[in-house]
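The values are calculated or read from the model by the stated rules, or taken from the named source; none is laboratory data. Here the structure is a predicted model, which is why all the values come from computation and not from measurement. In this analysis, Cβ positions are derived from the backbone assuming ideal geometry, glycine residues included, and neighbour counts consider all displayed protein chains.
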Amino acid sequence: MKLPGRGLLQGLRRHVGLASLADRGFAFLFDPGPAGEVVSLDCETTGLDIRRDQVISVAAVMVRGQRIITSERFEAVVRPDLMPREDSIKVHQLRASDVAAGRPMEEVLPGLLRFIGGRPLLGYYIDFDIAMLDRHVRAMLRVGLPNQRIELSGLYYERKYGDAPPGTVLDLRFAAMLRDLGIPDLGQHDAGRDAVMVAMMYLQLLDLARRRVRIPRTSSRIAETAPIGA
């Protein structure tokens, strides 16, 4: 028995997703995004429990070809149902008064979805960010985000550890990746800055892959800063 091809499976998923969509005004989510465009996405949350914690800020930055288009970005502070705890405030520096001035996710989400469109979503542990957003997307549209996902740590792993011998100690921390790729630390745990840094690392990793260059496991800096466009 011949298994269905990838194109057929994608078509079936699109058909099922569109059939379940609560608002046809968002059918564009199931259309391929413009060629060569990726959206770098990051959320700051009240914690790491997908079932209980909530998004308090979200940012998305456009990557077009080999450039990060910082003038094309989406950023919003989100007012959660529960205010952030003291331990999470120490991480993202968003106080209860800051998020209280934000908008509820129900108001933020439509604009975010229109910015994203059908483009692939890039992130550092992107599955977590999408899972946090999908709670609200499903409540609004009855379907989750159908976008392709690009996991930054996976690309980094392949470039640094893909040929490593068994037993090699892995370091997939955000700070370690910045250091290895020669990307300046713009200040972590701010959704907008994190999204830009992720995009910069992504372009560096694509360039390394094109040149078939691996990240030395004994070096801390190998590349110049990725180009950013206005």
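Taking segment 53-84 on its own, how many of its residues are basic (Lys, Arg) and modelled with pLDDT under 95?
Within segment 53-84, residues that are basic (Lys, Arg) and modelled with pLDDT under 95 number 1.
Name the residue that is nearest to the chain's Cα centre (by Cα), counting only residues in segment 40-74 that are of a type in the set (A, V, I, L, M, F, W, C) and closer than 13 Å to ALA199 by Cα.
LEU41
Which residue out of ARG142, ARG135, ARG193 is in contact with a Leu (Cβ under 9 Å, 6 or more places away or on another chain) and in the same structural domain as ARG64 (by TED's automatic domain parsing)? Give the derivation first.
Values: ARG135 fails: in contact with a Leu (Cβ under 9 Å, 6 or more places away or on another chain); ARG193 fails: in the same structural domain as ARG64 (by TED's automatic domain parsing).
Of the residues listed, the single one that is in contact with a Leu (Cβ under 9 Å, 6 or more places away or on another chain) and in the same structural domain as ARG64 (by TED's automatic domain parsing) is ARG142.
Is there any pair with a first residue in segment 27-47 that is without any contact (Cβ under 8 Å) to a residue 12 or more places away in the chain and a second that is assigned to a helix (DSSP H, G or I) whose Cβ atoms are under 7 Å apart and which are 6 or more apart or on different chains, and what are they?
That search, which allows pairs on different chains as well, returns ALA27/LEU18.
Could you please let me know if LEU170 is loosely packed, with under 15 Cβ neighbours inside 10 Å and touching a helix residue (DSSP H, G or I) at 6+ places or on another chain (Cβ under 7 Å)?
In short, yes.
From the list ALA176, ALA209, which one is of a type outside the set (D, E, K, R), closer than 26 Å to LEU48 by Cβ, part of a helix (DSSP H, G or I) and not assigned by TED's automatic domain parsing to the domain that holds ILE56?
ALA176
Restricting the first residue to segment 100-121 and requiring it to be in the same structural domain as LEU41 (by TED's automatic domain parsing), which pairs with a second residue that is of a type in the set (A, V, I, L, M) and assigned to a loop (DSSP other than H, G, I, E, B) meet a Cβ separation below 9 Å and a spacing of at least six or different chains?
Between residues of segment 100-121 that are in the same structural domain as LEU41 (by TED's automatic domain parsing) and residues that are of a type in the set (A, V, I, L, M) and assigned to a loop (DSSP other than H, G, I, E, B), the close pairs are ALA100/MET83; GLY102/LEU94; LEU113/LEU145; ILE116/LEU145; LEU121/LEU145.
Considering only residues that are among the charged types (D, E, K, R), modelled with pLDDT of 90 or more and assigned to a loop (DSSP other than H, G, I, E, B), which ones fall in segment 1-48?
Residues satisfying the conditions are ASP23, ASP31.
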